[in-house]
1. Please sort through the DSSP H helices of the chain and keep those with an alpha-carbon extent of at least 27 Å along the long axis and a Kyte-Doolittle average not below -0.5.
2. Would you mind calculating the relative contact order of segment 26-162 from Cα pairs under 8 angstrom and at least 6 residues apart, reporting the percent as a whole number?
3. Full-extension gain between residue 19 and residue 132, please, as 0.36 nm times their residue separation minus the C-alpha to C-alpha distance.
4. Using a 10 Å cut-off around each Cβ, can you sort 79, 9 from fewest to most neighbouring Cβ atoms?
5. Treat segment 74-127 as a sphere of radius equal to its Kirkwood radius over Cα pairs and apply Stokes-Einstein at 20 °C in a medium of 1.002 mPa s; give the translational diffusion coefficient in µm²/s, rounded to a whole number.
6. Calculate the translational D of segment 2-161 in whole µm² s⁻¹ from Stokes-Einstein, where the hydrodynamic radius comes from the Kirkwood formula applied to all Cα pairs, the temperature is 25 °C and the viscosity 0.890 mPa s.
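Please treat every number below as a calculation from the coordinates, not as lab data. Bear in mind that the values here come from a model prediction, so they are computed numbers and not experimental data. Note that each Cβ is placed from the backbone with ideal geometry, even for glycine, and that neighbours are counted across all protein chains shown.
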Amino acid sequence: MESFVMPLCKWLQFSWWATDIRTSYWVYPFIQLIHFTGLSLWLGTNVAGDLRLLNIGKKPQTVAEVRDELFVWNWIGFCVAVTGGFLLFSSRATLYIVNPAFRVKLMMMVPLALIFHIFVQAKTPIWGRQPVVPAFGKLAGLLELLLWLGVVIAAVEIPSFG
Ligand code: HEM
């Protein structure tokens, strides 16, 4: 795998946009802002859905209603976060790809949490139809919260290995 990943990272890092991001003093922080704005939307809407599954907070809406109202914002947030993340990554791709925290975040935690999120989102209309969220639904909400927390912890550790 390494044989084609590193050349790909080198190509990415020396692409015109990655060079611009790396060499300008304001573009990198601006893209961080984009990544964090997307993350606020993505993680915020995920946490709102998971807390509702766990029956925490005010409950004027059913689980299914919360999911439906946040669905579009949830995926807009994801697209913005991934675009920003990709651009940040491309600026120093050869360093990030060998960073253990980045590897844990991107190759383990993000795919795992994302697959689980899609599963929870698909199941929510079924769990939401019942007056009380079944125990399995609550457990799924808790597990999803913990998985995203794991992604954030791994992300925060990236600079420690840089
Ligand atoms: C959607 C789930 C994601 C979450 C929850 C997430 C979370 C975070 C957080 C909290 C940080 C800030 C770390 C810090 O500065 O303390 C960060 C930075 C970063 N993220 Fe993400 N991220 C996600 C997706 C991605 C993706 C898909 C990529 C790459 C393709 C990416 C690449 C990066 C990079 C390169 C940094 C900068 C690390 C540094 O040098 O400080 N992220 N992310």
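1. Flagged H segments are 27-53, 63-91, 110-129, 135-156.
2. Working: 136 pairs, mean separation 47.8, N = 137.
RCO, segment 26-162: 35 percent.
3. Details: separation 113, 0.36 × 113 = 40.68 nm, distance 5.31 nm.
Value of the extension gain: 35.4 nm.
4. 79, 9
5. It comes out at roughly 169 µm²/s.
6. On the way: Rh = 17.0 Å.
In µm²/s, the coefficient rounds to 144.
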